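The values are calculated or read from the model by the stated rules, or taken from the named source; none is laboratory data. Given the structure is predicted, the values throughout are model-derived calculations rather than measurements. FYI the Cβ positions are ideal-geometry reconstructions off the backbone, even for glycines, and counts take in every protein chain you see. Please note that ligands, DNA and RNA were not included when accessible areas were found on the heavy atoms of the full protein model with its side chains. Shrake-Rupley method; radii C 1.70, N 1.55, O 1.52, S 1.80 Å.
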Amino acid sequence: MASPFEGANSIPQVQAEQSSESTIPAQEPVTLSSPELPQAESNDNVASESVPFELNDKQKTALLRQIEYYLCDLSFPYDEFLQSKADASGAIPVSVLADSPRVQALVPNASSEDRAVAIKAVVPESDSIELTSDGQVKRLHPLPSEDPKASTSVYLAGLPKGATEEALRELLLKSNLSDTYTPIVSIRRQRDLQRDRSFTGHIFVEVETAEKAAALVKAANKGSITCTKAKILKDYYESQAQSIKEQRERRAKGGGSGSGKGPAGGCEGGQQSSNGKKRPAPEVESGLVLRFEAPGESADREALAKACEPFGEVAYIRFSRGDKEGSVRFKSREAAEAALAGLSAVDIGGAVPTWRNLTEAEEEAYYAEYHERAQQKRQRGGGRGGGRGYGGGGRGYRGKGRGNGGN
């Protein structure tokens with residue numbers, strides 16, 4: 001059985017096509033004070049003493065994004081642990097979600113019961129999950145493999161990201177071929193669950209019949225609808241599942257997500273050693289590096305290290321004061337995933353940066369430079385590295401000291 005919540009936030013390239021939503025409307029902070037909740041799934045034999053706390057809007061959005069991700073198409077079908085906790089309807093006890101490492105990082109210094117209250121407070125804002133009558137959390141829509149509407153629906157990409165459902169419907173009706181596929185039964189906008197819940201411009205459009213679904217795809221491919229991709233939803237589900245399968249297989253073989261370039265996109269065929277012989281590229285694990293943007297003016301590597309330390313051991317920070325962006329490499333994927341969730345509302349240097357995983361291409365570039373710098377250092381006999389690296393410049397921060405080259 002897989003580790004609890006394994007794989008969440010770990011498929012950046014495929015996630016871009018699945019996700020979607022705007023920030024939750026501003027609300028008064030939710031004050032939590034340990035109400036009574038079902039304890040069936042709790043590991044605590046004695047109820048812990050609660051500490052009242054508040055969640056601001058950004059924290060509530062981050063928490064909702066994480067819960068939605070756990071149950072989304074890209075995570076839940078591949079998460080053996082969560083599936084083992086679900087009942088016949090697919091509902092999962094809130095206490096199980098509340099005890100996940102990422103939720104604990106997002107709602108720090110709180111009891112399991114208080115985290116459960118926080119989850120219950122944000123789930124009603126979702127358009128993809130819901131609370132059941134007995135207080136569990138479940139998906140609003142069928143799993144891809146069980147979706148009865150997959151053959152009568154179409155996946156469209158490249159539509160206006162900020163468009164409302166009504167605006168998208170009007171756009172589809174304006175096509176000179178709309179009579180071949182209307183009426184539109186429903187439209188489901190997709191959110192970016194990898195980052196901020198914003199709408200992605202990717203939608204699922206349900207029509208009445210499979211023939212009309214094919215007509216909609218044809219209209220889009222002829223340019224009658226302004227979009228970048230159109231597929232029958234059933235075909236999209238299948239290609240998405242295949243992409244995820246291939247990524248998981250690459251990770252299982254080499255720990256990376258590169259495309260034919262060795263682990264995590266390392267240099268193909270290995271590196272040259274100082275004596276001219278090929279040296280196999282070091283194996284690296286995908287998902288260790290987070291990119292951040294727009295830190296405060298007084299942000300420095302020490303402040304970043306202090307902010308990241310609660311989530312796990314930091315291997316390297318690439319940043320100099322005054323840079324607009326940078327990167328942090330953790331020593332474990334679990335630490336990186338916890339930091340991605342937990343840093344979403346943390347002030348660093350006078351501002352709250354935005355954090356995200358590297359894309360597959362960015363990760364390949366990062367480790368290509370990493371290997372190149374390591375090779376240069378070996379050729380200099382361990383001399384001091386220099387220059388600017390990915391995501392910023394100057395010397396990097398390695399562990400509790402300053403880095404000597406590398407990334």
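Within the stretch 205-219, track down each residue that is of a type outside the set (Lys, Arg) and open to solvent by 10 Å² or more (accessible area, probe 1.4 Å).
206, 208, 209, 210, 211, 214, 215, 217
If you scan the stretch 101-111, which residues turn out to be crowded, with 23+ Cβ neighbours inside 10 Å and either of a type in the set (S, T, N, Q) or more than 23 Å from the chain's Cα centre (by Cα) (or both)?
110
Pull up the stretch 133-142, narrow it to residues that are at pLDDT 95 or above and within 18 Å of residue 115 (Cβ to Cβ), then point me to the one that is surrounded by the fewest Cβ atoms within 10 Å (Cβ to Cβ).
136
Just checking, which of 299, 338, 351 is part of a helix (DSSP H, G or I) and either modelled with pLDDT of 90 or more or closer than 28 Å to residue 192 by Cα (or both)?
So the residue among 299, 338, 351 that is part of a helix (DSSP H, G or I) and either modelled with pLDDT of 90 or more or closer than 28 Å to residue 192 by Cα (or both) is 338.
Within the set of pairs 6 or more residues apart or between chains, which connect a residue that is open to solvent by 50 Å² or more (accessible area, probe 1.4 Å) inside the stretch 176-196 to a residue that is modelled with pLDDT of 95 or more and acidic (Asp, Glu) with Cβ atoms less than 6 Å apart?
Partner pairs satisfying both residue conditions: 185/206.
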